[in-house]
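Undergrad: One structure follows; several queries about it will come next.
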Amino acid sequence: MTNPQDNTTVLDVRNVSKIFTIPTPGFEREYIAAVDQVSLALYEKPARIVSLVGESGSGKTTLARLMLGLTSPTRGEVLYRGKRISELSKDEWWDFRRNVQPIFQDPFSIYNPFYRVDRALDITIKNFKLAASKDEAFSLKAEALKAVDLRPDDVIGRYPHQLSGGQCQRVMLARTLLLHPKIIVADEPVSMIDAAVRMLFLNTLLDFRDKYHISSLMITHDLATAYYMGGPMLVLCFGRVVESGDIEQLLNNPSHPYTQQLLAAIPSPDPTQRWDTRANAKITERPLTHETNKCVYVARCPYAMPICSQQRPPDYLIEEQHYTACFLHQDKPTR
Ligand SMILES: Nc1ncnc2c1ncn2[C@@H]1O[C@H](COP(=O)(O)OP(=O)(O)OP(=O)(O)O)[C@@H](O)[C@H]1O
Ligand SMILES: [Mg+2]
């Protein structure tokens with residue numbers, strides 16, 4: 001996925017790997033390539049929502065943490081406005097903290113149960129010096145809450161346990177909006193809230209894109225959520241991006257057997273059709289260790305060929321901006 005206007009790239013993940021060492025009872029060390037040579041860019045013009053889809057353990061949270069500067073890559077680099085996150089000056093780091101905002105999965109875990117939820121907004125206004133007076137701070141807070149469809153009276157002065165998960169998540173969106181960031185990195189933000197509130201949340205992210213030009217990385221294990229958001233999508237499988245392109249392209253022409261498997265795992269509305277249980281059959285399989293020279297999906301792939309166990313497949317171009325790392329497409333040009 002290339003940026004038409006290179007000077008507007010905000011976050012640039014370049015060939016990034018994160019290898020974890022796992023202690024074992026013996027002397028042998030075990031490695032897990034949680035993120036394995038991933039590249040992706042988020043830019044501000046035009047604002048867009050990129051979806052990152054993958055099942056549990058595929059490395060989604062690790063990638064989010066790398067992009068937020070919460071952990072550093074084993075190899076490769078994450079650049080903020082062209083500079084490695086680890087090398088930002090104090091002012092640049094402050095700018096990064098303001099412009100790249102996280103939203104996490106568990107809406108309750110980020111709040112201190114002993115403090116009112118709107119304290120998260122007060123602290124943000126104070127730390128980033130967003131208001132000159134108490135009155136201005138209060139009206140900023142109220143405006144931000146209204147912009148995410150919350151009534152200030154329902155939220156201000158309440159404790160986390162007095163709000164629903166969906167309300168807590170939207171308070172986080174209100175906090176984010178106060179800062180007018182360039183990028184939101186949202187790690188499974190809707191997986192713990194119910195369907196109706198989920199739509200409100202997703203619509204708010206779409207509004208942020210259209211009204212305030214805020215781009216988002218939407219991390220989800222749910223293809224339906226990615227489809228609703230539209231735009232580009234990356235499919236992550238055991239730390240590697242196995243397919244990328246526009247979501248319509250991926251749904252109409254899924255080219256990697258793993259993407260095909262993910263699609264097969266969506267339950268059919270036809271009650272006579274059984275949910276394809278093959279899709280979840282080997283979900284407990286361990287990730288590949290240490291950046292192996294083979295396809296990450298070979299053990300599960302119904303089309304596996306000898307070459308799949310001998311080499312890492314490069315990205316083959318399926319159609320414009322649509323790439324697949326699978327030897328079934330080796331007649332096509334590589335990236
Ligand atoms: N700090 C860590 N130390 C060792 N291994 C880790 C660490 N963090 C993650 N892992 C491993 O890296 C892999 C990817 O984990 P990650 O949490 O990024 O996956 P995920 O896609 O976010 O999963 P989920 O959908 O369940 O949230 C997993 O195999 C996990 O066990
Ligand atoms: Mg996760």
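The values are calculated or read from the model by the stated rules, or taken from the named source; none is laboratory data. This is a predicted model, so every value here is computed, not measured. Cβ placement follows ideal geometry from the backbone for every residue including glycine, while neighbour counts extend to all protein chains displayed.
Undergrad: Using the structure shown, decide if Ile32 is in a strand (DSSP E or B) and either touching a strand residue (DSSP E or B) at 6+ places or on another chain (Cβ under 9 Å) or away from ligand 1 (no atom under 16 Å from the Cβ) (or both).
TA: So Ile32 fits the description; yes.
Undergrad: Within segment 205-218, does at least one residue satisfy the condition of being within 16 Å of ligand 2 (Cβ to nearest atom), out of contact with any Ser or Thr (no Cβ under 7 Å at 6 or more places or on another chain) and not hydroxyl-bearing (Ser, Thr, Tyr)?
TA: Yes, there is a match, as at least one residue in segment 205-218 is within 16 Å of ligand 2 (Cβ to nearest atom), out of contact with any Ser or Thr (no Cβ under 7 Å at 6 or more places or on another chain) and not hydroxyl-bearing (Ser, Thr, Tyr).
Undergrad: Output the qualifying pairs, or none if there are none: Cβ atoms under 6 angstrom, residues six or more apart or on different chains, first residue in segment 173-194 and in contact (Cβ under 8 Å) with a residue 60 or more places away in the chain and within 14 Å of Lys211 (Cα to Cα), second residue away from ligand 2 (no atom under 13 Å from the Cβ) and part of a helix (DSSP H, G or I).
TA: Qualifying pairs under 6 Å: Pro181/Asn99; Lys182/Asn99.
Undergrad: Still on this structure, I have one more. Which count do you get for residues in segment 224-237 that are within 16 Å of ligand 2 (Cβ to nearest atom) and of a type outside the set (S, T, N, Q)?
TA: 5
Undergrad: Among the residues of segment 239-262, is there at least one that is touching a Lys or Arg at 6+ places or on another chain (Cβ under 7 Å) and within 16 Å of ligand 1 (Cβ to nearest atom)?
TA: Scanning segment 239-262 turns up no residue that is touching a Lys or Arg at 6+ places or on another chain (Cβ under 7 Å) and within 16 Å of ligand 1 (Cβ to nearest atom).
Undergrad: To continue, here is another question. I need every pair where a residue in segment 44-73 that is closer than 16 Å to Ser86 by Cα has its Cβ under 8 Å from the Cβ of a residue that is part of a loop (DSSP other than H, G, I, E, B) and more than 9 Å from ligand 1 (Cβ to nearest atom), sequence separation at least 6 or different chains.
TA: Leu66/Ser72; Leu66/Pro73
Undergrad: So which residues in segment 295-313 are surrounded by 15 or more Cβ atoms within 10 Å (Cβ to Cβ) and of a type outside the set (Ser, Thr, Tyr)?
TA: Residues satisfying the conditions are Cys295, Val296, Val298, Ala299, Arg300, Cys301, Ala304, Cys308, Arg312, Pro313.
Undergrad: Next question, about the same structure. I need a count of the residues in segment 103-128 that are part of a loop (DSSP other than H, G, I, E, B), surrounded by fewer than 13 Cβ atoms within 10 Å (Cβ to Cβ) and either among the β-branched types (Val, Ile, Thr) or touching a helix residue (DSSP H, G or I) at 6+ places or on another chain (Cβ under 6 Å) (or both).
TA: Adding up the residues that qualify gives 1.
Undergrad: Let me ask you something else. Look at segment 8-30 and say how many of its residues are out of contact with any Lys or Arg (no Cβ under 9 Å at 6 or more places or on another chain), farther than 18 Å from Val100 by Cβ and among the hydrophobic types (A, V, I, L, M, F, W, C).
TA: Residues meeting the conditions: 2.
Undergrad: Identify, by number, the condition in (1) small (Gly, Ala, Ser); (2) free of Cβ contacts under 8 Å to residues at least 40 places away in the same chain; (3) more than 21 Å from Ser215 (Cα to Cα) that Ala144 doesn't meet.
TA: Tallying (1) small (Gly, Ala, Ser); (2) free of Cβ contacts under 8 Å to residues at least 40 places away in the same chain; (3) more than 21 Å from Ser215 (Cα to Cα), Ala144 fails exactly one: (3).
Undergrad: Could you grab me the full set of residues in segment 55-82 that are farther than 21 Å from Asn293 by Cα, assigned to a loop (DSSP other than H, G, I, E, B) and within 15 Å of ligand 1 (Cβ to nearest atom)?
TA: Result: Glu55, Ser56, Leu68, Leu70, Thr71, Ser72.
Undergrad: Among the residues in segment 228-248, are any under 13 Å from the mean Cα position of the chain (by Cα) and either surrounded by fewer than 16 Cβ atoms within 10 Å (Cβ to Cβ) or in a helix (DSSP H, G or I) (or both)?
TA: yes
Undergrad: Take the residues in segment 16-40 that are surrounded by fewer than 22 Cβ atoms within 10 Å (Cβ to Cβ) and within 18 Å of Asp187 (Cβ to Cβ), then tell me which one is farthest from ligand 2 (Cβ to nearest atom).
TA: Within segment 16-40, the match that is farthest from ligand 2 (Cβ to nearest atom) is Leu40.
Undergrad: List the residue pairs whose Cβ atoms are under 7 Å apart, where the first residue sits in segment 99-124 and is within 30 Å of Leu79 (Cα to Cα), the second is hydroxyl-bearing (Ser, Thr, Tyr) and within 15 Å of ligand 2 (Cβ to nearest atom), and the two are 6 or more positions apart or on different chains.
TA: Hits for this filter: Gln105/Ser191.
Undergrad: Answer with yes or no whether Ser86 is farther than 20 Å from Leu179 by Cα, surrounded by fewer than 16 Cβ atoms within 10 Å (Cβ to Cβ) and within 16 Å of ligand 2 (Cβ to nearest atom).
TA: no
Undergrad: Okay, moving on. If I filter segment 71-81 for residues that are within 30 Å of Asp194 (Cβ to Cβ) and of a type in the set (Ser, Thr, Tyr), do I get at least one hit?
TA: The answer is no; no qualifying residue exists.
Undergrad: At pLDDT below 95 and within 16 Å of ligand 2 (Cβ to nearest atom): does that describe Pro102?
TA: yes
Undergrad: Within segment 129-202, which helices (runs of 4 or more DSSP H) (wholly inside it) include 3 or more residues that are over 30 Å from Ala224 (Cα atoms)?
TA: So the answer is 134-147, 152-155.
Undergrad: Enumerate the pairs (first residue in segment 21-33 and free of Cβ contacts under 8 Å to residues at least 40 places away in the same chain; second residue anywhere and near ligand 1 (Cβ under 10 Å from one of its atoms) and acidic (Asp, Glu)) with beta-carbon separation below 7 Å, excluding pairs fewer than 6 apart on the same chain, so at least 6 apart or on different chains.
TA: Partner pairs satisfying both residue conditions: Ile22/Glu30; Thr24/Glu30.
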